[in-house]
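*Asks:* Right, I'll just put the structure down here and ask away after.
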DNA sequence: ACCAAAACTTGACCCGGGGTACAGTACCTT
DNA sequence: AAGGTACTGTACCCCGGGTCAAGTTTTGGT
């Protein structure tokens, strides 16, 4: 019996989420049917509705899970960057480089804020989902902004930019990059756009030789 | 009879498109029903299917109309910019400023590439819609890239950036800005992000005093 | 070993919305 | 008088989301 434990860690609910994530990333929310998900997981329709009140609750759970994973990902990158350099500017530049490298490595397009993008799209989803996404994005703004404040204290910015806007820009470039990558079917774009953003940050803060 | 002519310029087909555009912008594609559109326009379901084979053909027509309007908008801005300054760099910077101002003026969020966002979302739509969007975005890349090549010829870039990526970045910032604006419910973000992009372009090309 | 809760299954059913099919009509143009 | 355009009306199919009630298996804790 004990040999069942490790596998049973992954519940059918998790499996539903994973299946939904893949399908939604591939085809979009509307094109993903509940039928399809349950046949993949191997349960019945009632089983689905046992776990989720409706389809939008699934999306909410998906978003929650995704946000947690994403937060962990970024935190990991920052931690690694910190070990490599503890100057605030260089830490951030290393973080951006690491992020860019990770993005290059992704086989298909970054799952990232596609879910965000998918969420804001449909009024079908209740307010709570929208707020979840908004809070997450505002959280990133705050976090990056704090870092820029630190950086600006040591490196006087060479042009007058609003540091909150600059913080937002990373989100913007990521989301926009995902859209362009997906539309044009060139997954390299996303990473290169993050690289460009990094150049912008450099040109603002890195002092001239 | 002649007094009917001017009003009849706007066909029911156009009215359907406009109603669909507003509804989709507001609630998303899936949440917009045909029923809803025809009651607003005042025709029957059969009337709808007389104009469009199915719902996705409506989206295609919408995209086509939108792309034309957008192209005209940008062309207008470039024309105005050219009359104000015929130096390639300053023309472009003026264009960006005008674009930013227009975006500030928008009451609700920019209709812009939301349609793009809506398109990449759904496998429901046939390939042709996807290609329409992709071609349009690649068109902008080409157009902006050509301008940057001109600019770079006169103003040696101070950092090494790929001009195609830089061209893409305007699209990216616009699309990403729309998403962030919508999610966080702050329509100012979009314009400010375009402003930031403008600063980036300046920092690359504008020579130092 | 036993019990309760969790995690389902079965199966029947409703409904809204996309979509089809087709016959008919009103008007406008040539 | 004919033909096209822009519809209306009716009737109908199907899929997918969602509900309901009642029963069954799995699992974890004491």
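*Asks:* Using only the C-alpha atoms of the stretch B:46-202, find the volume of their convex hull and express it per residue in Å³.
*Replies:* Values: hull volume 20.0 nm³, N = 157.
Value for the stretch B:46-202: 128 Å³ per residue.
*Asks:* For the stretch B:48-106, compute Rg over Rh where Rg is the Cα radius of gyration and Rh is the Kirkwood radius from the inverse mean 1/r over Cα pairs. The partial results should precede the final answer.
*Replies:* Numbers: Rg = 16.7 Å, Rh = 13.4 Å.
Result: Rg/Rh = 1.25.
*Asks:* Hey, which residue of A has the C-beta nearest the axis mapping A onto B, and what's the distance in Å?
*Replies:* For chain A, the closest residue to the axis carrying it onto B is A:176, 1.
*Asks:* At q = 0.11, 0.14 Å⁻¹, what is the base-10 log of I(q)/I(0) for the protein assembly as shown according to the Debye formula with one equal point scatterer per Cα and no solvent? Please give it to two decimals.
*Replies:* Each listed q corresponds, in turn, to -0.89, -1.34.
*Asks:* So what's the gap between the Cα centers of the stretch B:48-83 and the stretch A:138-177, to the nearest angstrom?
*Replies:* 34 Å
*Asks:* Another one. Report, for residue B:15, each distance to the same residue's label point in the other copies, shortest first and in nm; define the point 7 Å along Cα→Cβ.
*Replies:* Copy-to-copy label distances for residue B:15: 5.3 nm.
*Asks:* Further question on the same structure: Work out the mean other chain Cβ neighbour count within 10 Å for the residues of B:163-173 and drop it here as an integer. Intermediate results must be reported in sequence, preceding the final value.
*Replies:* On the way: counts 0, 2, 7, 3, 0, 10, 10, 1, 8, 16, 7.
Per residue, the average neighbour count from other chains is 6.
*Asks:* Per the helix-only calculation at 222 nm, which mean residue ellipticity applies to chain A, given -39500 (n - 2.57) for every DSSP H run of n ≥ 4 and division by its residues, nearest 500 deg cm²/dmol? The partial results should precede the final answer.
*Replies:* Numbers: 10 runs with 159 residues, N = 209.
Mean residue ellipticity at 222 nm (helix-derived): -25000 deg cm²/dmol.
*Asks:* Let me ask something additional. Would you mind getting me the FRET efficiency between residue B:146 and residue B:22? Use the beta-carbon distance for r and R0 = 35 Å, nearest 0.05. Spell out each step's value before the answer.
*Replies:* On the way: r = 35 Å, r/R0 = 0.99.
Efficiency for this residue pair is about 0.50.
*Asks:* Something else about it: Once both labels are modelled 7 Å past Cα along the beta-carbon direction, what's the residue B:208-residue B:46 spacing in nm?
*Replies:* Those two pseudo-labels are separated by 7.5 nm.
Rule-based calculations on the coordinates, nothing more; no lab input. This is a predicted model, so every value here is computed, not measured. No Cβ is skipped: glycine too gets one built from the backbone with ideal geometry, and neighbour counts run over all protein chains shown.
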